[in-house]
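Working notes, structure below.
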There are 2 protein chains.
Amino acid sequence: MNEGVEWAVHSCLNLAWLGERAVPAARLAAFYELPAAYLNKQLQALARADILTSVSGPRGGFRLARPPEKVTLMDVVVAIDGDEPAFRCTEIRQRGGSGGGDADAYRKPCAIDAAMRKAELAWRRELAGQTVADVMTTVEHTNPGVPDKVRRWFDDTR
Amino acid sequence: MNEGVEWAVHSCLNLAWLGERAVPAARLAAFYELPAAYLNKQLQALARADILTSVSGPRGGFRLARPPEKVTLMDVVVAIDGDEPAFRCTEIRQRGGSGGGDADAYRKPCAIDAAMRKAELAWRRELAGQTVADVMTTVEHTNPGVPDKVRRWFDDTR
DNA sequence: GTTTCTCTACTCGGATAATGCATGTCCGAGTTTTTGAGG
DNA sequence: CCTCAAAAACTCGGACATGCATTATCCGAGTAGAGAAAC
């Protein structure tokens with residue numbers, strides 16, 4: 001999976017803690033010492049997926065497009081990694097020695113593809129059940145000082 | 001995900017239908033018109049994982065190391081793609097502005113990593129619950145002629 | 001006819017190139033703020 | 001002091017290089033089997 005997914009989710013959490021104001025990509029990148037231009041690329045993808053809204057010019061940046069309860073981890077993963085399944089069936093059963101005879105026997109879906117899709121659906125369901133707000137709650141429970149720490153850092157280096 | 005996974009599972013099904021005898025990689029590749037040397041590489045990985053046993057020399061090839069009820073799709077995927085998780089947490093929360101203060105605050109696992117791991121565990125559980133024998137049964141139900149067709153093709157082009 | 005030895009042909013196995021995608025970087029379009037002059 | 005305009009600085013946005021993993025390939029080590037010769 002794309003490494004940018006990790007950066008994107010972390011950035012979403014930070015943006016949620018910072019509230020309404022827009023934060024530039026360079027600032028978000030500096031917080032984790034990440035390559036700024038590349039993180040910008042990922043945030044652009046989140047904006048295209050309507051997870052963030054982007055504001056140009058001075059005092060611009062990115063902000064959450066909707067409350068964190070409405071942003072699932074599935075949304076973020078799809079925005080960064082794309083919605084294509086990890087296992088892509090290329091229908092090799094139709095090629096070579098087995099492919100000649102029954103043309104309509106392949107109307108039924110490939111059983112291997114079905115099994116893989118079933119597993120991937122379970123993965124997607126699990127990701128769709130976890131929102132950014134849920135992750136925020138977990139962090140606030142295990143590390144209560146983090147939200148204030150984030151706010152203070154982004155205020156001090158304004 | 002690695003495309004070789006698809007080839008590997010199909011080959012496992014065919015080997016199961018063909019019974020005990022060893023089948024060369026070149027023959028299995030010809031059945032789907034796949035690059036022979038590359039499929040050989042994948043089958044080697046399956047052999048290293050004790051899913052197949054390899055036999056050298058004339059009348060050699062690959063055969064299933066154990067009955068198909070004992071081979072899960074998870075085994076095959078791990079053998080080809082490796083057992084590393086799709087989402088790899090690089091602990092960026094410890095870098096940059098947030099990393100300075102509490103060294104032991106990071107004893108607790110990263111919440112994002114936990115959420116991703118939970119989804120991936122569901123995926124793995126689903127794959128581990130499906131065996132090669134299950135997929136065979138599905139195919140025999142939707143396409144009853146396939147097993148005989150496979151056996152005939154591999155016998156004719158001996 | 002049986003046994004044994006040699007030779008051949010076939011298969012896996014790992015080492016070796018080529019390609020595609022993820023990673024990383026850069027500069028231009030657009031917009032807001034600022035700032036300065038003029039009224 | 002207020003208004004207005006122009007310029008400047010800052011931000012996103014997409015186009016442009018680079019590195020590495022997947023894809024693909026090849027040749028050598030080893031082995032089973034066929035075949036011929038000797039008994």
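What do you reckon, is residue B:102 at pLDDT below 95 and either surrounded by 13 or more Cβ atoms within 10 Å (Cβ to Cβ) or not acidic (Asp, Glu) (or both)? It is true that residue B:102 is at pLDDT below 95 and either surrounded by 13 or more Cβ atoms within 10 Å (Cβ to Cβ) or not acidic (Asp, Glu) (or both). Of all residues in region B:45-56, those that are more than 14 Å from chain A (Cβ to nearest Cβ) and free of Cβ contacts under 8 Å to residues at least 24 places away in the same chain have Cβ atoms under 7 Å from Cβ atoms of residues that are near DNA strand C (Cβ under 8 Å from one of its atoms) and of a type in the set (S, T, N, Q), 6 or more apart or on another chain, in B:47/B:54. Within region A:18-35, can one find any residue that is within 15 Å of the chain's Cα centre (by Cα) and either of a type outside the set (Ser, Thr, Tyr) or more than 13 Å from chain B (Cβ to nearest Cβ) (or both)? No; the residues of region A:18-35 include none that is within 15 Å of the chain's Cα centre (by Cα) and either of a type outside the set (Ser, Thr, Tyr) or more than 13 Å from chain B (Cβ to nearest Cβ) (or both). Restricting attention to region B:41-58 and to residues that are of a type in the set (Gly, Ala, Ser) and under 12 Å from the mean Cα position of the chain (by Cα), the residue that is farthest from DNA strand D (Cβ to nearest atom) turns out to be B:49.
Yes or no: residue B:63 within 16 Å of DNA strand C (Cβ to nearest atom), at pLDDT 95 or above, open to solvent by 70 Å² or more (accessible area, probe 1.4 Å) and of a type outside the set (A, V, I, L, M, F, W, C)? In short, yes. The residue that is farthest from residue B:4 (Cα to Cα), among those in region A:72-85 that are open to solvent by less than 50 Å² (accessible area, probe 1.4 Å) and facing chain B (nearest Cβ under 9 Å), is A:73.
Residue count for region B:45-101 satisfying the condition of being touching a Ser or Thr at 6+ places or on another chain (Cβ under 8 Å) and among the β-branched types (Val, Ile, Thr): 2. Which residue is most open to solvent (accessible area, probe 1.4 Å), if the candidates are limited to region A:139-158 and must be assigned to a loop (DSSP other than H, G, I, E, B) and over 23 Å from residue A:62 (Cα atoms)? Within region A:139-158, the match that is most open to solvent (accessible area, probe 1.4 Å) is A:144. Summed over region A:64-100, the residues that are within 22 Å of residue A:115 (Cα to Cα) and in contact with a Lys or Arg (Cβ under 8 Å, 6 or more places away or on another chain) give a count of 5. The condition (being modelled with pLDDT of 95 or more and surrounded by fewer than 16 Cβ atoms within 10 Å (Cβ to Cβ)) is satisfied by just one residue among A:107, A:95, A:88, A:124: A:88.
Of everything in region A:4-27 that's charged (D, E, K, R) and at pLDDT 95 or above, which residue is nearest to residue A:70 (Cα to Cα)? Walk me through it before giving the result.
Narrowing region A:4-27 to residues charged (D, E, K, R): A:6, A:20-21, A:27.
This time we only want the ones that are at pLDDT 95 or above, so: A:6, A:27.
On the way: A:6: 19, A:27: 25 Å.
Restricting to residues being charged (D, E, K, R) and at pLDDT 95 or above, the top hit is A:6.
On the stretch given as region A:127-138, residues that are open to solvent by 50 Å² or more (accessible area, probe 1.4 Å), under 23 Å from residue A:1 (Cα atoms) and either touching a Gly at 6+ places or on another chain (Cβ under 9 Å) or β-branched (Val, Ile, Thr) (or both) total 0.
The values are calculated or read from the model by the stated rules, or taken from the named source; none is laboratory data. Small disclaimer: the values here were computed from a predicted structure and weren't measured. Neighbour counts run over all protein chains shown; Cβ positions are idealised from the backbone, glycine included. Note: accessible area is taken over every heavy atom of the protein model, side chains too, but ligands, DNA and RNA are not part of it. Shrake-Rupley method; radii C 1.70, N 1.55, O 1.52, S 1.80 Å.
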